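Peer 1: Could you have a look at this structure, given as structure tokens, before my questions?
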Amino acid sequence: MKQTIGLRFSHYGQVLACVCDAGDAPLAVGDKAMVGSDQGLNCGIVVWQRPWHEGMEQLIAARNSAVSEAEGAAASPLMPEARRATPEEAKTAQENADLSERAFAFCRARIAARSLDMKLVDVEVLFERVKMIFYFTAPTRIDFRELVKDLVHEYHTRIELRQIGVRHETQMVGALGNCGMVCCCRRFLHRFAPVTIKMAKEQNLFLNPTKISGICGRLLCCLSYEQENYDAFHRSCPKLGKRYKTDEG
């Protein structure tokens, strides 16, 4: 049975749309699947699945293009093909998850030992362990060369320390917004759209920083959701002070 599935490769990562021919046993939400990439094989968790139908190629290509652009990664194949993970591959994926937890604790200890002004957010271990990525935030530029040496000596693989912003940190960690729901960046956003204080003014919102800012301290992403409607409304309305004739006078 041919189907379309969405794969998430980490607990915070964006979802990659793939095509899968699983025969008589279609993949279900929660199953593990394998897909190739420029960094080798990746094991992901199925987070949604749909029956295949004509026209899915364009939808998959558009979705994956948006995900790649948002993450600054190389363009994904137009129609990546996935397959069900074998028991051995599922076991390896779990071992990698356990390794990332241990690496997180080890790296935090080395950061404290070297008195580095940086905050470790998460650790990602690529499936074939050709590289480990350590995500962190820092207020200034950090000289982490000695830290990299510690990590290479401990894990004997390629190490990448990737500095991220507060928005991406919130996306990784997750949080509840003022609305009481999980932050949009965690749930569904592919990219962070520009948000300005001008949007809040045009929407006649009370400019209280605690009301219009998210957990990350930046302006709420949702301020941009209706901005197009506000722009269209203002273009169709008469200017202040201008005489305007209606049916009633």
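The values are calculated or read from the model by the stated rules, or taken from the named source; none is laboratory data. The model shown is predicted, which means the values in this text are computed figures rather than measured ones. We place every Cβ from the backbone using ideal geometry, glycine too, and count neighbours over all the protein chains shown.
Peer 1: Do you know which of the residues in the stretch 171-212 that are within 21 Å of residue 121 (Cα to Cα), without any contact (Cβ under 8 Å) to a residue 40 or more places away in the chain and not in a loop (DSSP other than H, G, I, E, B) is farthest from the chain's Cα centre (by Cα)?
Peer 2: Taking the candidates together, the pick is 176.
Peer 1: Hey, does the stretch 135-152 have a residue that's crowded, with 17+ Cβ neighbours inside 10 Å, under 22 Å from residue 94 (Cα atoms) and modelled with pLDDT of 90 or more?
Peer 2: Initially, the stretch 135-152 is screened for residues crowded, with 17+ Cβ neighbours inside 10 Å, giving 135-136, 144, 147, 150-151.
Still in the list and also under 22 Å from residue 94 (Cα atoms): 135, 151.
Those still in the list that are modelled with pLDDT of 90 or more too: 135, 151.
Yes - at least one qualifying residue is present in the stretch 135-152.
Peer 1: Let me ask another. Looking only at strands (runs of 3 or more DSSP E) that lie completely in the stretch 1-104, which have at least 2 residues being polar (S, T, N, Q) and modelled with pLDDT of 85 or more?
Peer 2: So the answer is 2-8, 40-51.
Peer 1: Among residues belonging to the stretch 213-249 that are among the acidic types (Asp, Glu) and closer than 19 Å to residue 195 by Cα, point out the one that is farthest from the chain's Cα centre (by Cα). Let's see the steps before the verdict.
Peer 2: First, the residues of the stretch 213-249 that are among the acidic types (Asp, Glu): 226, 228, 231, 247-248.
With the extra rule that they be closer than 19 Å to residue 195 by Cα, the set shrinks to 226, 228, 231.
On the way: 226: 22, 228: 24, 231: 29 Å.
It comes out as 231.
Peer 1: Which count do you get for residues in the stretch 175-228 that are surrounded by fewer than 15 Cβ atoms within 10 Å (Cβ to Cβ) and closer than 26 Å to residue 17 by Cα?
Peer 2: 9
Peer 1: Let me ask something else about it. Only residues that are assigned to a loop (DSSP other than H, G, I, E, B) and aromatic (Phe, Trp, Tyr): list them for the stretch 115-139, please.
Peer 2: Narrowing the stretch 115-139 to residues assigned to a loop (DSSP other than H, G, I, E, B): 115-118, 126-130, 138-139.
The one that is assigned to a loop (DSSP other than H, G, I, E, B) and aromatic (Phe, Trp, Tyr): 127.
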